[in-house]
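Undergrad: One structure follows; several queries about it will come next.
The values are calculated or read from the model by the stated rules, or taken from the named source; none is laboratory data. Only a predicted model underlies this, so the values are computations on that prediction, with no experimental measurement involved. Methodologically, a virtual Cβ is constructed for each residue, glycine included, from the backbone with ideal geometry; neighbour enumeration extends over all protein chains shown. The protein model used for the area step is the full one, side chains on, heavy atoms only, and it has no ligands, DNA or RNA in it. Shrake-Rupley method; radii C 1.70, N 1.55, O 1.52, S 1.80 Å.
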Amino acid sequence: VSQPPLVLVADDDASVRRALSRLLRTAGFAVETYASAPALLERPSPDQPVCVVSDVRMPGDSGLDLQARLQQTHPDIPVVFITGHGDVPTSVRAMKGGAVDFLEKPFTDEQLLDCVRRALETHRHRRAEHTARQILEQRLATLTPRERDVLQLVVAGLLNKQIAGRRGTAEKTVKIHRGRVMEKMQVGSVAELVRMVERAGAPPPWAPAAPA
Amino acid sequence: MGRRATLIAIGLVLLGAALVSSASGAEAPSGASVLVLYAQPQIVPAVIDADQGIRATLNASVSPSVRIYTEYLDTSSFASRELQRALVDFLHTKYAPLALDLVMTGGGEALRFAVAHRARLFPDVPIVFFAVNRRVHDAVAFAPNVTGVWLATDAGATLDAALRLQPGLRRVAVAGGAAGPDRLNRAEIRRGLERHAERVEIADLPGASLDDMVREAATLPADTVLFIGSVVRDGAGRITMPADAAARLAAEASVPAYAVFESHVGRGVVGGRVVAFRAQGIAAAALALDLLRGAPAPEAPLSGEQANRWVFDWRAMDRWRLDERALPPGSDVRYRVASPWRLYRWYIVGGVVLLLLQSGLIGGLLVHRARHRRAARALTERVSFEALLAELSAAFNALPASEIDPTVEDALRRLVRTLGVDRVALAGRTRGGAGASITHVSTAPGIPGLPARLDAAEVPWTAARLDRGEIVHFSRLADLPAEAATDRRCYARLGTRSLVAVPLVAGGQVVGVMALSTTAAERAWPRELLDRLHLMAEIFAGALLRRRAEALLHESEERFRLMADHAPVMVWLSGADGRCTYVNRRWLDFTGRAPEQELGRGWLDGVHADDLAERGRTARHAFDARREFVIEYRLRRHDGAYRRVLDQGVPRFAADGTFAGYVGSCVDVTELRAAERTLLESKLLGAAIFTSLAGQVAAVDREGVIIAVNDAWFRHAAEHGADLARSGVGASYLAECHRALVAGEPQAAPALSAIEAVLGGERPHAVVEYQCQCHEPEVRWFQMLVEPLRRPEGGAVICHLDITDRRRAEDEARRRREELAHAQRLSTSGELAASLAHEINQPLLAILSNAQAGDRLLDGAEPDLTEAREALRDIAADAQRAADVIRALRSLVGRRAAVPDEPLDVNDLVTRVVRLVRHDLERRSIALRMDLGADPPPVVGDAVQLQQVILNLLLNASEAIEAQAGGRREIRVSTSRTAPGEAAIEVADTGPGVAEDQLERIFSAFVSSKPDGLGLGLSISRSIVQAGGGRVWATRNPGAGLTLHVVLPSPTLVPVA
């Protein structure tokens, strides 16, 4: 059973919190409101897709502080900032910090909802990528060093014969390693293997730099 | 009845009585004890004169009453040291218990003695000397607390007179003794004569002993005169009586002799400017009385000049054929014997005839001496009696008053001898009339005296008869009739065996009695003896009467001089010729000149030259008409300063109505005139100030009636056609205000209450401002000031000032401030734009969101009405909130017409401003702490401007904090009530602050810490607050930053408009 996406609203202005909460609820989101950044940060991590809608200015820890803290613990949770008119320098700082969107007051319900949906989508996407990478890393962990070497060269597009020639082994031996890699990585074709590694994003940190 | 009683008393006195009065009884307690020490024996005439003067003066004093003790040192006779010591011991024993208050000394030797033995005899007791030569006193040095009257021997003046009397005079011989005082006196005389040294030759009369001198005097050349000074002891060492010596010298001298002492006049000398010892005594006694009464001692002893007199002997003048007309004015010519023959020739002729007859009779009787021894004795008695009678009748009329007493006593002595009686007495009626007191008495040797006075009740029968002018006599006590039993007892007690009492009748009045009595044996009183005694009584009565009259006259003159000398004003006398004859001591003290300089016309030297003519004219006119006059002129004082004196002269007339001259008094009125002038000037100045005041000023009395108005008031009233009867002096201003009140003039009520409050003392002053379109096209503003008149009668000064120009200037200034403040508010609002936008955007965002949520809620198949309703409710609340912000903004930025000042709540003002800046402070991460007092008093002012002040203070604080990097970021706003009746607002920041000497500078315009700031905020805030009567200032916080203080007056203290 998939839980409805969750929107966390942080604003020191009570009437603004009430209004935003009401609007987001009518659009079918689950909403939780917080009067300050620390209150929000104390909340346990949610399982479902989630995004944060926050005023940039708040007494005490401001919206930017909230964003910075969140980046450390839940880097994948997107933050939508509500800003006043002409708050350009703050907005630039927020963007550099990884905010997904800005809403300039006053804004329409569609603008808000679009932003929130986009943010949730982003979160969903980030969560999926995160999952694929975890699978890749688990399967890669089962490979022997020789198999990892072969995997790299295969993903790089070299043929068995080329690989055997570069490593000075028999073509037959390369073929056996390649078969074990395909098996351990649970892929049926080289194309599938390449797609899998690509989907996991950046090359694994442990991968040695490809020879020129 | 009184008279009768008196006579009885008088009679009594006459009786020979055995009663000896005990004079050594207990003393009545006296006010002051004064010891008078004389250098010379009691019998010296100078001493007698001085003593009379002293006693007359001291005895006249009531407060203090003075008890006089007298000692005669006789130092020239008893000069040895042993005697002196014994004398000091004696005086110490005698006077130490008495606690003397003052010692007077007569003569230089007495002063020397008193000063030398003062410590032992009378320590610290003041000494007043008289008849002392200046040199003697110099010799004993000026001891403390010693003052007195110098002996001012003035031989020079005498020589002046002598030269007038004897124009041919070329030589002067000076005779004097060899004792110390004598030599001093002679030197003094020679000094006085010195000033004529060019005209006359001056030499001492040679001769050591008095006899030698007398011989020398008898051979003096005709162009010489003899000056006789003091001869206490002659060159041969013989002690003499100076007056006797003078008498001998004068009698034997071949030329006229002049004297320097009054006591020598009458003893053969011509006279001169003599020292009057009686006057010396009076002056010294007056000085003594002053000291006894606590007056300070004079700076220097008195000159003694005032105790000198011109005295001449008519007989000596006659002897030397000197012309009386050449004498100095005011001279006292004594011993006139021009008329005894004419006046008393019948007595004399009768006496002589009687003598001749009786001589013949005696001759006849002598033949029958044995047979007629008794008759002869009676005749002898009669003859000598008649001779005495004749002698006395002549002598009494020629004698000076002072010599009457001794002559009377001598006559009584001779009566005792001649008639063979035991007691002869003269008695005068006592002052109260209830008795008689014995004035002269003579008794035969060994016969006791009489009591000093007798009461009429003791001898009623005798007194009654005497009272009727009858002679009373009896030869034996038994002769007295039965009704005289009381008298008999009294006579028996007094030891009287026989008596004749003759009344003394003068001017038809019984003034006393002459009584002769025997105590040893009874005696018969023949008829003719009684007749002669009657005659004798008449002579005595006449003599005593004359003596009394002269004494009275003398006393009254002395009294006048005494009074004049002690009068607090300057007193002068002039003779019938208009020349000054006398000035008192105060006059002399004032001018610092000697009496001779002032007398005659001399005093005119002191009159200011500019005043001389006017003074002379006025005095002459008065003089010619014998009228009183009052003149003011300037008279030179001893220090050379001219003082303004008011001189009042009154003509005086002798008893017979003839004009005798003027008596006048002068008062120094310099200070008085100066004070008058000052007062006048101050009055004129006050009037000038009052008149020249620009405002319209009126003074009103306690009832509000106008008592004075100035020119401006008068002009204003005249220019506006006001009824002067209603607004001029005499009109009631209060009534006028009442009329205006009834007429509905709006300014009348405050004016009326202001004046009444000041008149009633409820307010120290009052100010009322009002506008008036008084007959002019434009409205003008006036200010009425009411100040109380600070005087016992009360009242007030009312001043109307046209303050239209001031009001206009104030309005203009207010308008400018208004504009500037508005501009500053606008610029401030710009700075706040972001913060304000946030404050408005928040509710707008909420409204928008709620509206759209509502739309969705109502959109579905199952609209959520509950939620939709809540959304609408929230929309309404947020709209309200937005509206509040807009209103706050408008109230700050909006431009309005001036509104009347209204009471404002300081807390409310602060809250409204904080709403505008709250977000801005949040944005700057500045914490705001509010500490609003429970009940700050309401203030009066323009709400917008006061909010602007608060806003400026808050922004100033926030900018200050913003200007520093680290540290606390906090603003504290507090309100409170400060005594008395003021509201305070304080805004404290944690910014960097400013230096102590910059605290005032931050209120200057165009001083700003911000690069883009105009620096008007605090400057405008201060002008706003000060215009409302408040104050703004800054202080440094103990920790960091500044606190800005605003104090606003509460309406309770706002001055009444």
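Undergrad: Filter the stretch B:727-738 for residues that are touching a residue at least 12 places away in the same chain (Cβ under 8 Å) and either surrounded by fewer than 18 Cβ atoms within 10 Å (Cβ to Cβ) or part of a helix (DSSP H, G or I) (or both) and give the result. Don't jump to the end; show me each part of the working.
TA: Keep residues of the stretch B:727-738 that are touching a residue at least 12 places away in the same chain (Cβ under 8 Å), which gives B:727-735, B:737-738.
Across the stretch B:727-738, the qualifying residues are B:Ser727, B:Gly728, B:Val729, B:Gly730, B:Ser732, B:Tyr733, B:Leu734, B:Ala735, B:Cys737, B:His738.
Undergrad: Sticking with this one: Taking B:Asp942 as the residue in question, decide whether it is open to solvent by 80 Å² or more (accessible area, probe 1.4 Å), more than 14 Å from chain A (Cβ to nearest Cβ), modelled with pLDDT under 85 and over 60 Å from the mean Cα position of the chain (by Cα).
TA: Values: open to solvent by 80 Å² or more (accessible area, probe 1.4 Å): no; more than 14 Å from chain A (Cβ to nearest Cβ): yes; modelled with pLDDT under 85: yes; over 60 Å from the mean Cα position of the chain (by Cα): yes.
So B:Asp942 does not fit the description; no.
Undergrad: Here is a follow-up. Considering only residues of the stretch A:28-41 that are farther than 20 Å from A:Leu66 by Cα and open to solvent by less than 40 Å² (accessible area, probe 1.4 Å), which is farthest from the other protein chains (Cβ to nearest Cβ)? Lay out the reasoning, then the answer.
TA: We begin by selecting, within the stretch A:28-41, every residue farther than 20 Å from A:Leu66 by Cα; these are A:28-30.
Remaining after also requiring open to solvent by less than 40 Å² (accessible area, probe 1.4 Å): A:29-30.
Numbers: A:Phe29: 12, A:Ala30: 15 Å.
In this case the residue turns out to be A:Ala30.
Undergrad: Can you find even one residue in the stretch A:166-180 that is at pLDDT below 85 and either open to solvent by less than 60 Å² (accessible area, probe 1.4 Å) or within 14 Å of chain B (Cβ to nearest Cβ) (or both)? Give the steps one after another, and end with the answer.
TA: First, pick out the residues of the stretch A:166-180 that are at pLDDT below 85: none.
No, that holds for no residue.
Undergrad: Do we have B:Arg195 as out of contact with any helix residue (DSSP H, G or I) (no Cβ under 8 Å at 6 or more places or on another chain), open to solvent by 10 Å² or more (accessible area, probe 1.4 Å) and closer than 21 Å to B:Trp310 by Cα here? Outline the logic, then answer.
TA: On the way: out of contact with any helix residue (DSSP H, G or I) (no Cβ under 8 Å at 6 or more places or on another chain): no; open to solvent by 10 Å² or more (accessible area, probe 1.4 Å): yes; closer than 21 Å to B:Trp310 by Cα: yes.
So B:Arg195 fails the test.
Undergrad: Return yes when A:Arg25 is more than 26 Å from A:His130 (Cα to Cα), open to solvent by 30 Å² or more (accessible area, probe 1.4 Å), within 14 Å of chain B (Cβ to nearest Cβ) and assigned to a helix (DSSP H, G or I) and no when it is not.
TA: Numbers: more than 26 Å from A:His130 (Cα to Cα): yes; open to solvent by 30 Å² or more (accessible area, probe 1.4 Å): yes; within 14 Å of chain B (Cβ to nearest Cβ): yes; assigned to a helix (DSSP H, G or I): yes.
Yes, satisfied.
Undergrad: Would you mind finding the one in B:Leu287, B:Leu291 that is under 25 Å from the mean Cα position of the chain (by Cα) and either of a type in the set (D, E, K, R) or open to solvent by 10 Å² or more (accessible area, probe 1.4 Å) (or both)?
TA: On the way: B:Leu287 fails: either of a type in the set (D, E, K, R) or open to solvent by 10 Å² or more (accessible area, probe 1.4 Å) (or both).
Step by step, each of B:Leu287, B:Leu291 is checked, and only B:Leu291 is under 25 Å from the mean Cα position of the chain (by Cα) and either of a type in the set (D, E, K, R) or open to solvent by 10 Å² or more (accessible area, probe 1.4 Å) (or both).
Undergrad: Related question: Which helices (runs of 4 or more DSSP H) sit wholly inside the stretch B:794-902 and have at least 2 residues that are more than 14 Å from every other protein chain (Cβ to nearest Cβ) and either touching a residue at least 40 places away in the same chain (Cβ under 8 Å) or open to solvent by 30 Å² or more (accessible area, probe 1.4 Å) (or both)?
TA: Details: elements: B:804-831, B:833-859, B:865-893.
The qualifying helices (runs of 4 or more DSSP H) are B:804-831, B:865-893.
Undergrad: A further question follows. Looking at (1) within 14 Å of chain B (Cβ to nearest Cβ); (2) surrounded by fewer than 21 Cβ atoms within 10 Å (Cβ to Cβ), which is the one condition that is false for A:Ala19?
TA: With (1) within 14 Å of chain B (Cβ to nearest Cβ); (2) surrounded by fewer than 21 Cβ atoms within 10 Å (Cβ to Cβ) applied to A:Ala19, the lone miss is (2).
Undergrad: Scan the stretch B:641-657 for residues that are farther than 22 Å from B:Arg586 by Cα and open to solvent by 60 Å² or more (accessible area, probe 1.4 Å) and report the count.
TA: Of all residues in the stretch B:641-657, those farther than 22 Å from B:Arg586 by Cα come to B:653-657.
Applying the additional criterion that residues be open to solvent by 60 Å² or more (accessible area, probe 1.4 Å) yields B:653, B:655-656.
Total meeting the criteria: 3.
Undergrad: I'd like to know if the stretch A:66-75 contains one or more residues that are outside any loop (DSSP other than H, G, I, E, B), open to solvent by 20 Å² or more (accessible area, probe 1.4 Å) and free of Cβ contacts under 8 Å to residues at least 24 places away in the same chain.
TA: Filtering the stretch A:66-75 for residues outside any loop (DSSP other than H, G, I, E, B) gives A:66-73.
If we keep only those that are open to solvent by 20 Å² or more (accessible area, probe 1.4 Å) too, we end up with A:68-69, A:71-73.
Within this subset, residues satisfying the condition of being free of Cβ contacts under 8 Å to residues at least 24 places away in the same chain are A:72.
Yes: the stretch A:66-75 contains one or more residues that are outside any loop (DSSP other than H, G, I, E, B), open to solvent by 20 Å² or more (accessible area, probe 1.4 Å) and free of Cβ contacts under 8 Å to residues at least 24 places away in the same chain.
Undergrad: Being within 20 Å of B:Gly229 (Cα to Cα) and of a type outside the set (S, T, N, Q) is the filter; apply it to the stretch B:294-313 and report the residue that is most open to solvent (accessible area, probe 1.4 Å). It would help to see each step written out before you state the result.
TA: Taking the stretch B:294-313 as the starting set, the residues that turn out to be within 20 Å of B:Gly229 (Cα to Cα) are B:303-313.
This time we only want the ones that are of a type outside the set (S, T, N, Q), so: B:304-305, B:307, B:309-313.
On the way: B:Gly304: 0, B:Glu305: 24, B:Ala307: 0, B:Arg309: 62, B:Trp310: 45, B:Val311: 1, B:Phe312: 0, B:Asp313: 2 Å².
In this case the residue turns out to be B:Arg309.
Undergrad: Does the stretch B:17-33 contain at least one residue that is modelled with pLDDT of 50 or more, hydroxyl-bearing (Ser, Thr, Tyr) and closer than 19 Å to B:Gly107 by Cα?
TA: Looking only at the stretch B:17-33, we keep the residues that are modelled with pLDDT of 50 or more, and these are B:30-33.
Now narrow it down to the ones that are hydroxyl-bearing (Ser, Thr, Tyr): B:30, B:33.
Adding the requirement that they be closer than 19 Å to B:Gly107 by Cα leaves none.
No, there is no match, as no residue in the stretch B:17-33 is modelled with pLDDT of 50 or more, hydroxyl-bearing (Ser, Thr, Tyr) and closer than 19 Å to B:Gly107 by Cα.
Undergrad: Checking A:Met95 against (1) at pLDDT 85 or above; (2) open to solvent by 40 Å² or more (accessible area, probe 1.4 Å); (3) hydrophobic (A, V, I, L, M, F, W, C): exactly one of these is not met. Which one?
TA: The single condition A:Met95 does not satisfy is (1).
Residue-wise test of (1) modelled with pLDDT under 80; (2) out of contact with any His (no Cβ under 7 Å at 6 or more places or on another chain); (3) farther than 17 Å from B:Ala927 by Cβ.
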position	(1), (2), (3)
B:Leu946	no, yes, yes
B:Ser958	no, yes, no
B:Gly966	yes, yes, no
B:Arg969	no, yes, no
B:Asp997	no, yes, yes
B:Glu1000	no, yes, yes
B:Ile1020	no, yes, yes
B:Asn1037	no, yes, no
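Undergrad: Before we move on, is B:Arg118 surrounded by fewer than 23 Cβ atoms within 10 Å (Cβ to Cβ) and within 25 Å of B:Ala218 (Cβ to Cβ)?
TA: Details: surrounded by fewer than 23 Cβ atoms within 10 Å (Cβ to Cβ): yes; within 25 Å of B:Ala218 (Cβ to Cβ): no.
In short, no.
Undergrad: Of these, B:Pro97, B:Pro144, B:Pro126, which one is open to solvent by 40 Å² or more (accessible area, probe 1.4 Å) and within 35 Å of the chain's Cα centre (by Cα)? Walk me through how you get there before you give the answer.
TA: Working: B:Pro97 fails: within 35 Å of the chain's Cα centre (by Cα); B:Pro126 fails: open to solvent by 40 Å² or more (accessible area, probe 1.4 Å).
Of the residues listed, the single one that is open to solvent by 40 Å² or more (accessible area, probe 1.4 Å) and within 35 Å of the chain's Cα centre (by Cα) is B:Pro144.
Undergrad: If you don't mind, there's one more thing I want to ask. Return yes when A:Leu113 is surrounded by 18 or more Cβ atoms within 10 Å (Cβ to Cβ), touching a strand residue (DSSP E or B) at 6+ places or on another chain (Cβ under 8 Å) and either among the hydrophobic types (A, V, I, L, M, F, W, C) or farther than 30 Å from A:Val16 by Cα (or both) and no when it is not. Let's see the steps before the verdict.
TA: Values: surrounded by 18 or more Cβ atoms within 10 Å (Cβ to Cβ): yes; touching a strand residue (DSSP E or B) at 6+ places or on another chain (Cβ under 8 Å): no; either among the hydrophobic types (A, V, I, L, M, F, W, C) or farther than 30 Å from A:Val16 by Cα (or both): yes.
For A:Leu113, the condition - surrounded by 18 or more Cβ atoms within 10 Å (Cβ to Cβ), touching a strand residue (DSSP E or B) at 6+ places or on another chain (Cβ under 8 Å) and either among the hydrophobic types (A, V, I, L, M, F, W, C) or farther than 30 Å from A:Val16 by Cα (or both) - is not met.
Undergrad: What residue, among those in the stretch B:221-245 that are of a type in the set (A, V, I, L, M, F, W, C) and modelled with pLDDT of 90 or more, is surrounded by the fewest Cβ atoms within 10 Å (Cβ to Cβ)? Even if it seems obvious, please write down each step before you answer.
TA: From the stretch B:221-245, those of a type in the set (A, V, I, L, M, F, W, C) are B:222, B:225-228, B:231-232, B:236, B:239, B:241, B:243, B:245; that's our starting set.
Within this subset, residues satisfying the condition of being modelled with pLDDT of 90 or more are B:225-228.
Working: B:Val225: 25, B:Leu226: 27, B:Phe227: 27, B:Ile228: 32.
Looking at residues that are of a type in the set (A, V, I, L, M, F, W, C) and modelled with pLDDT of 90 or more, I get B:Val225.
Undergrad: Quick check on B:Val645: is it farther than 19 Å from B:Gly575 by Cβ and not in a loop (DSSP other than H, G, I, E, B)?
TA: Values: farther than 19 Å from B:Gly575 by Cβ: yes; not in a loop (DSSP other than H, G, I, E, B): yes.
Yes; evaluated as a whole, the condition is true for this residue.
Undergrad: Also, I was wondering about something else. Counting only residues that are at pLDDT below 85 and in contact with a Lys or Arg (Cβ under 8 Å, 6 or more places away or on another chain), which one in the stretch A:103-132 is farthest from the other protein chains (Cβ to nearest Cβ)?
TA: Looking at residues that are at pLDDT below 85 and in contact with a Lys or Arg (Cβ under 8 Å, 6 or more places away or on another chain), I get A:Ala132.
Undergrad: Considering each residue of the stretch B:272-322, count those that are closer than 21 Å to B:Arg585 by Cα and part of a loop (DSSP other than H, G, I, E, B), and give that number.
TA: 12
Undergrad: Count, please, the residues in the stretch B:965-1004 that happen to be of a type in the set (S, T, N, Q) and surrounded by fewer than 16 Cβ atoms within 10 Å (Cβ to Cβ).
TA: Step one: list which residues in the stretch B:965-1004 are of a type in the set (S, T, N, Q), which gives B:974-976, B:978, B:990, B:998, B:1004.
Pick out the ones that are also surrounded by fewer than 16 Cβ atoms within 10 Å (Cβ to Cβ) and you get B:978, B:998, B:1004.
Number of matching residues: 3.
Undergrad: Mind listing whichever residues of the stretch B:602-640 are open to solvent by less than 60 Å² (accessible area, probe 1.4 Å) and within 24 Å of B:Ala654 (Cα to Cα)?
TA: B:Thr618, B:Ala619, B:Ala622, B:Phe623, B:Ala625, B:Phe629
Undergrad: Just the residues that are surrounded by 18 or more Cβ atoms within 10 Å (Cβ to Cβ), more than 14 Å from chain B (Cβ to nearest Cβ) and within 26 Å of A:Thr90 (Cα to Cα), please, taken from the stretch A:42-60.
TA: As a first pass, look at the stretch A:42-60 and keep what is surrounded by 18 or more Cβ atoms within 10 Å (Cβ to Cβ): A:49-58.
Now narrow it down to the ones that are more than 14 Å from chain B (Cβ to nearest Cβ): A:49-52.
Across the stretch A:42-60, the qualifying residues are A:Val50, A:Cys51, A:Val52.
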